[in-house]
Amino acid sequence: MSFVTLTFDVTDRVATIRVNRPEKLNALNDETIAELGDAIELVLRREDVAGAQHPGTGTTAFVAGADIAELSRQGALDGRARALRGQRVFSMVERSTKPVIAAVNGFALGGGCELAMACHLRIAAERAKFGQPEVKLGITPGYGGTQRLARLVGTGRALQLLLTGEMIDAAEAYRIGLVNAVVPDAEVLPTAERMMRQIIAQGPLAVALCIEAVHRGADLPLDEGLELEAAYFGLLSATQDMHEGMSAFVEKRDARFTGR
Ligand code: COA
């Protein structure tokens, strides 16, 4: 599969997906959104890929938002349809059973912040900037920003960012829980990669069901979430990977998981 607005490379079981419109600070046009959907499908389909990371191309932007040139031409119905398409793709990222990490190397604004939030983990470069500036354009976020930001940082802080449209730096993003770590600029991709390799060395079924339990559980009452956890715990107890993991512990060696 070939891509026009992004690059897709696989090294040693890790896919690196870069939005590649540096002249527009990697703004997401409709084609990019569609290609991001194709890219995540490819990650899920390819057996030689265990996880994916998203850095931006260039040195200043991760993704500077949805493409304002396209948004400026939309009306009510096509605006809604565009939001639904973007939401569907970002939900695919969030629901990926293979881990996805955002390596945020610069501006993560609007759709860029929304893409980072849909990833399972976020590593920020010191120079990264985050924000949901849509109110400045007279719109709300459309690719999940009002929902995922509030879930990640709480309603008060989410509303502050959403209503003022202000940009925050990486240190503030870390302080409010929007990102998992802040590292020197040159370290963002190596750090994401190290974390990814640590994750994909674990039992893949356990990793997949941790992701599912957290995301599905977040929308459930506690009792139902606990029930879901118990079901996954039981399911994993019937896998070869559980026996391998426990045997490896007893035998003081690294586990060799097969995802069965
Ligand atoms: N959509 C379309 N084009 C965008 C864009 C976006 N979201 N963000 C940046 N660009 C384009 C600019 O129009 C410019 O293109 P041009 O050279 O053809 O004029 C190019 O990318 C470089 O951006 P520029 O604004 O000159 O860079 P800067 O360093 O001065 O400012 C930002 C960087 C990120 C602060 C600024 O580009 C910005 O505010 N972008 C919009 C952010 C936004 O509102 N995102 C949410 C959209 S819903």
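Quick look at the numbers
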read-out: The chain: angle of helix 76-95 to the longest principal axis, Cα-based, in degrees nearest 10; value: 20
read-out: With all protein chains modelled, accessible area of Thr97 [1.4 Å, Å²]; value: 50
read-out: For segment 6-200: rounded, prolate or oblate by the Cα gyration tensor [a/c cutoff 1.5]; value: oblate
read-out: Prolate/oblate/rounded call for segment 38-149, Cα gyration tensor, a/c under 1.5 rounded; value: oblate
read-out: Lys pairs under 28 Å by Cα in the chain, provided they are eight or more residues apart or on distinct chains; value: 4
read-out: Debye equation applied to the C-alpha atoms of segment 36-104, log10 I(q)/I(0) at 0.15, 0.25, 0.26 Å⁻¹; value: -0.62, -1.13, -1.16
read-out: Under-5 Å amide H pairs with Val100, H placed in peptide plane, nonlocal only; value: Ala52, His120, Leu121
read-out: Estimated FRET transfer efficiency when R0 is 25 angstrom, pair Leu235-Val214 (beta carbons, to 0.05); value: 0.95
read-out: Length added when fully stretched, Glu47-Arg88, from 0.36 nm per residue minus Cα-Cα; value: 12.4 nm
read-out: Backbone HN-Hα couplings from phi across segment 23-30 [Karplus 6.51/-1.76/1.60, Hz, Gly and Pro as x]; value: 5, 10, 6, 6, 4, 8, 8, 4
read-out: Segment 171-179 - phi-based ³J(HN,Hα) in whole Hz, Karplus 6.51/-1.76/1.60, Gly and Pro as x; value: 5, 5, 4, 5, 4, 8, x, 6, 10
read-out: Rel. contact order, % - alpha carbon contacts under 8 angstrom, at least six apart, segment 1-117; value: 31
read-out: Segment Arg151-Arg73, length gained on full extension (0.36 nm per residue, minus Cα span); value: 25.0 nm
read-out: Antiparallel content of DSSP bridges confined to the chain, in %, to 5; value: 30
read-out: Under 5 Å, built H, 5+ apart or other chain: amide partners of Val182; value: Ala124
read-out: Å³ per residue enclosed by the Cα convex hull of segment 115-250; value: 132
read-out: Accessible surface ranking that places the most exposed of Cys210, Cys113 first, with a 1.4 angstrom probe; value: Cys210, Cys113
read-out: Theoretical ellipticity at 222 nm over the chain - DSSP helices of four or more residues, -39500 (n - 2.57) apiece, nearest 500; value: -15000 deg cm²/dmol
read-out: In sequence order, calculated HN-Hα J values of segment 146-162 (Karplus, 6.51, -1.76, 1.60; Hz; x Gly/Pro); value: 5, 8, 6, 5, 5, 5, 7, 10, x, 5, x, 5, 4, 5, 4, 5, 5
read-out: Under-5 Å amide H pairs with Gln132, H placed in peptide plane, nonlocal only; value: Gly110
read-out: Residue among Gly106, Gly156, Gly86 with the largest mean-square fluctuation in a Gaussian network model of the chain, springs linking Cα atoms under 10 Å; value: Gly156
read-out: Mean Cβ neighbour count within 10 Å, used as a protection proxy, ranking 72-81, 30-39 highest first; value: 30-39, 72-81
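The values are calculated or read from the model by the stated rules, or taken from the named source; none is laboratory data. In this text, all values refer to a predicted model and were calculated from it rather than measured experimentally. In this analysis, Cβ positions are derived from the backbone assuming ideal geometry, glycine residues included, and neighbour counts consider all displayed protein chains. When the accessible area is computed, the model is the full protein with side chains, heavy atoms only, and any ligands, DNA or RNA have been set aside. Shrake-Rupley method; radii C 1.70, N 1.55, O 1.52, S 1.80 Å.
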